[in-house]
Amino acid sequence: MLLSVKDVKKTYHLGDVLVEALRGISIDIAEGEFVSVCGPSGSGKSTFLNLIGTIDTPTSGQVVYNGQDVSLMSDRKRTAMRNSTIGFVFQSFNLIPVFTALENVMLPLTFGKSSKKEARDKAMEMLSAVGLEKFVQHKPNKLSGGQRQRVAIARALAQQPSIIIADEPTANLDSVTSFQIIKIMQELNEKDDITFIFSTHDPRLIKEVKRVVWLEDGHIVKKEKGDLS
Amino acid sequence: MNIISFAFRNIFRNKRRSFITILAISIGFVAINLFGGYAMNTFKSLKISAIYGEGIGHLTVYKEGFLDNGTLDPAKYMISTDDMKTIEAVMSKDSRIVKVIPKLSVSGLVSNGINSTIFIAQGVNPDDEDFLKKDFPYSGEGSPISSKKPTGGQVAEKLAHMLNLKLGDVATIMANTLDGQMNAVDLDVSGIFNTGTAATNDKFILMPLSLAQSLYNTESVDRLVLLLNDANNTVPVKNDLLEALKKADFSAEIKTWDELSAFYSQVKNMFSMIFFFIFCIVLLIVVTSVINTMTMSVVERTQEIGTLRALGLQKTRILEIFGAEGFAIGFVGTVCGIAATLVLILAISAGDITYYPPGIDTPVKIIVDFVPSIIITSGLFLIGLSFVSAIIPSSKASRLNIVDALGHV
C-alpha cells in the first residue's frame, strides 16, 4: 500500500478554543488511484492533505508511506522523503516569481541529487507534458492562471513522485481551465499511473474522479458521488 | 538551484528597499575608505617628516642614561671621540645602516645686543644635514647651514621676529659649557625658516655641529642619528645594534623614530580612535539596514519559504538562501563603494584642499591614499557582516511551520 492513514487525529488551538480538525481518520490509498477529497468548509480537507503531505504532524495516529511511519522520521529525512515521493499543487500556484517556468519546474529536482542538465531536461519534458513547451522562459507574471497551474503541475511531476497532492487546484481558475487541468491530471494518472489526491468543492470535477472521500466535521462520511448538492 | 543567482534576483525584487540598503553600505564603506586613506597618508607624511624633515632618522643612539639624567649631568653622558670610533667600527659592519649623523643639542640665551630670549638648538654637520634633507628642499629665507659658513645658523621665524633679526645680522648665543663656565659665541643669521610647529618656531636654531661644540666647549656629541636603507629594518637593526655595542663594551640606549616623535604617536592614536569610532558607526548602520531589509523580505516571502520547504528544501538551505542575499547586498554595496571611493579620491586630489592642523604653522593639503589593505579588509568584513545579519532573521524563517508559512498572506 502506498499510503496508510491510521486513526489520525489533529487538534489545534484557535485562541482559547481547542479545535478538533480531524477526529480519527483511517484510509488506505493504493498506487495509481485518482482520489478527490470533498466536504464543506471547515470539514478538515486541508488538514488531511497537509498531514498526508507530511508538511504537518498529527496529534495522534500514523501516516505511513510504503510501510514507513512518517512521524518517526527526522525533519531532514522527512523533507528528503517529501522531495522524492510527494508532489504538491497549490490553490494559488505558489510559483517563485523571479524564476522562469523552466526554473520553477527544475526547483524540486535541484533540491535532490539531479545535476543541472538532468534537471533541465526533465523540466523540459514535464513542461511539454502539460503543453507549455513554448512558455519555458516566461516568468509567472507573464502566464495566465491556467498556464501557471500547469507549470505547478509540471513542477509537482518533475521528481516523478509516487503521489501528487493538490489542495483545491482549480479554485482560482475558470470552469473551462479547471476542466483542462483535471483532464491533464487524469491523463497523467491513466498514462503514467501517478497517484493523485486533490480536494475540491466543484461537483463537475468530482464527477470525473474514480474515488471520492467525503469529510464532515473531521470524520470520513461515506457518500455516493451524486449525493453532493 | 543556483543560490547566488537566486540571491541577486531577489535583491532586485524590491528595488527601492535594496537600493537604500546598498546605499547605506556604500556610504559607510566609502567613509571607512576615505578616512582610512586620509589617516594612512597622514601617517606616511608624518613618518617621513619625522625621519627626514625633523631629522630624527630611523634610529637615535645615546649613551645609556642620557635620556633620564643627561639634562642634570650632560658631560657624563656625552659620546666622546673615542666612543665614536668604537661605535662607527661596529656600525660599519651593518650594511643596513646608510648614514651615521652625529648631533649635539644645546640650549641657552640668544641676544640681539639689546634683548635676549631662550633658545634651543641642534648642531649638525651641514653636509649631513644636506644628505638628511635631500627630499626636503630648504624653503625659508636666505640659505641653509653650510660647511662654508662655520658660524652661520638658521633661526626660526618667530624667534627672529621676536629679536628683530634679519638675514646677515649677528646674534650672540650664550650657554654654560659642559664644565659649567659661561660661554658666548657669535651666530651669523644665514637663514630664517618656519619650523612648521608652533612649539618650536619661537625658539629653535639650527647650527653647524662645530659651532654647537664650540659653545659647549667640547668635541663630543650627545647622540648619533642613523639612517637605514629600509624603514622596515628599524627594529631589527636596533636589536642587533644594542647587542653588538654591548659586546664592544659600549652601553647604549637606542630609540626608534616613532618613540621619539611624540607628535606622530599622538596623531596616530587620535586617528586610530576616530577610525574605530567611524567603523563602529558603519557597522551599526550596516547591521540594522541589512537586518531590517532581510526581516521585511522574510515576512513578504513567508509563503514562498513554505512552498520551498513543502517541495523538499532543507531548513539549512533556507539559511543559505537568505545568507546569500545578505552576501549579495554586501557585495554590491562594497563594489559600488570602491567605485565611489576612487571617484572621491580623485576629486579630493583635484580639489587641492588645504587646512591648518593644530600646532602646525603651514597649510597641509588633504590627500587621501587608495589603500588596498583597508579596502579589502573592511570590504570583506562588511560583506561578512551583511551575510551574518541576514542569517539572523532567516533562522526564524527556517523554523517556520510549513502549513503556517503556506497560509501566510
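The values are calculated or read from the model by the stated rules, or taken from the named source; none is laboratory data. Here the structure is a predicted model, which means the values were calculated and not measured. Here Cβ is always computed from backbone atoms with ideal geometry, including for glycine, and neighbour counts include all displayed protein chains. Note: areas computed on protein heavy atoms with side chains; ligands, DNA, RNA excluded. Shrake-Rupley method; radii C 1.70, N 1.55, O 1.52, S 1.80 Å.
Using the beta-carbon distance between residue A:62 and residue B:19 and R0 = 51 Å, what value does 1/(1 + (r/R0)^6) give for FRET efficiency, to the nearest 0.05?
Computed FRET efficiency for residue A:62 and residue B:19 comes out at 0.50.
Tell me which lysines have Cα within less than 30 Å of residue A:210's Cα, excluding those fewer than 8 residues away on the same chain?
A:6, A:9, A:10, A:45, A:122, A:183, A:191, A:222, A:223, A:225
Counting Lys +1, Arg +1, Asp -1, Glu -1, what net charge surrounds residue A:43 among other residues with beta carbon under 10 Å of its beta carbon?
Residues near residue A:43 contribute -1 overall.
Just from its helices, what would the mean residue ellipticity at 222 nm be for the protein assembly as shown, if runs of 4 or more DSSP H residues each count -39500 (n - 2.57) and the sum is divided by every residue, rounded to the nearest 500 deg cm²/dmol?
About -15000 deg cm²/dmol.
Taking the convex hull of the Cα atoms, report for the protein assembly as shown its projected area averaged over all directions, in nm².
Hull-based average projected area comes out at 42.5 nm².
How much FRET efficiency would the formula 1/(1 + (r/R0)^6) give for residue A:84 and residue B:27, where r is the Cβ-Cβ distance and R0 is 60 Å, rounded to 0.05?
0.80
Residue B:365: which aspartates and glutamates have alpha carbons under 13 Å from its alpha carbon, excluding same-chain residues fewer than 8 sequence positions away?
Answer for residue B:365, where 13 Å is the Cα cut-off: B:352, listed by chain and number.
Taking a probe of 1.4 Å and counting only protein heavy atoms, give the total accessible area buried between chains B and A in Å², rounded to the nearest 100.
2100
Using a 1.4 Å probe, how large is the accessible area of residue B:27, given in Å² and rounded to the nearest 10?
Its heavy atoms expose roughly 100 Å² to the probe.
Using a 7 Å offset from the Cα along the Cα-to-Cβ direction at both residue B:243 and residue A:31, what is the distance between the two label points in nm, to one decimal?
The answer from the label model is 8.1 nm.
Among the lysines, which have Cα under 24 Å from the Cα of residue B:85 when same-chain residues fewer than 8 positions away are ignored?
B:63, B:76, B:93, B:99, B:103, B:238, B:246, B:247, B:255
Does the stretch B:71-226 classify as rounded, prolate or oblate by the C-alpha gyration tensor (a ≥ b ≥ c root eigenvalues; a/c under 1.5 gives rounded; else a/b over b/c gives prolate, otherwise oblate)?
On the way: a/c = 2.18, a/b = 1.34, b/c = 1.62.
Note, shape of the stretch B:71-226 comes out oblate.
Give me the 1.4 Å probe accessible area per residue for the protein assembly as shown, excluding ligands and nucleic acids, in Å².
47
Assigning unit charges at the beta carbon (Lys, Arg +1; Asp, Glu -1) and nothing else, what dipole magnitude in debye, to the nearest 20, does the stretch A:1-141 show about its Cα centre?
So the magnitude is around 380 debye.
Starting from the residue with the highest accessible area, list B:68, A:167 in decreasing order, probe 1.4 Å.
B:68, A:167
Give the Cα extents of the stretch A:19-75 along the principal axes, in whole Å, largest first.
32, 30, 18
Quick check: pseudo-label points 7 Å beyond the Cα along Cα→Cβ at residue B:138 and residue B:167, how many nm apart are they?
It works out to 1.0 nm between the two label points.
Mind giving me the FRET efficiency for residue B:127 and residue B:342? R0 is 35 Å, r the Cβ-Cβ distance, nearest 0.05 is fine.
Between residue B:127 and residue B:342 the formula returns 0.20.
If each residue of separation counts as 0.36 nm, what is the full-extension length gain between residue A:186 and residue A:1 once their alpha-carbon separation is subtracted?
Length gained, residue A:186 through residue A:1: 64.5 nm.
Summarise the accessible area of chain A (1.4 Å probe, protein heavy atoms) by the percent that is carbon and sulfur. Before the final figure, lay out the partial values.
Working: 4960 of 10430 Å².
Of the solvent-accessible surface of chain A, carbon and sulfur hold 48 percent.
Just round it to a whole percent: the fraction of Cα-Cα distances in the stretch B:26-155 exceeding 19 Å.
It works out to 66 percent of all Cα pairs.
Counting alpha carbon pairs within less than 8 Å and at least 6 residues apart, what relative contact order, in whole percent, applies to the stretch B:38-166?
Reported as a whole number, the value is 18 percent.
In whole percent, how big is the carbon plus sulfur part of the accessible area of chain B, probe 1.4 Å, protein atoms only?
The computed percentage sits at 60.
What shape does the stretch B:66-143 take by its C-alpha gyration tensor, where a ≥ b ≥ c are the square roots of the eigenvalues and a/c under 1.5 counts as rounded, a/b above b/c as prolate, and the rest as oblate?
Because a/c hits 1.5 or more and a/b fails to exceed b/c, the stretch B:66-143 counts as oblate.
Can you list the residues in the stretch B:360-409 whose accessible area drops by at least 30 Å² when all protein chains are present, compared with the chain alone? Use a 1.4 Å probe, heavy atoms only.
Residues of the stretch B:360-409 that lose at least 30 Å² of accessible area once the other chains are added: B:402, B:403, B:406.
Could you sort B:81, B:172, B:218 by their accessible area in this structure, using a 1.4 Å probe and putting the largest first?
Descending order: B:81, B:172, B:218.
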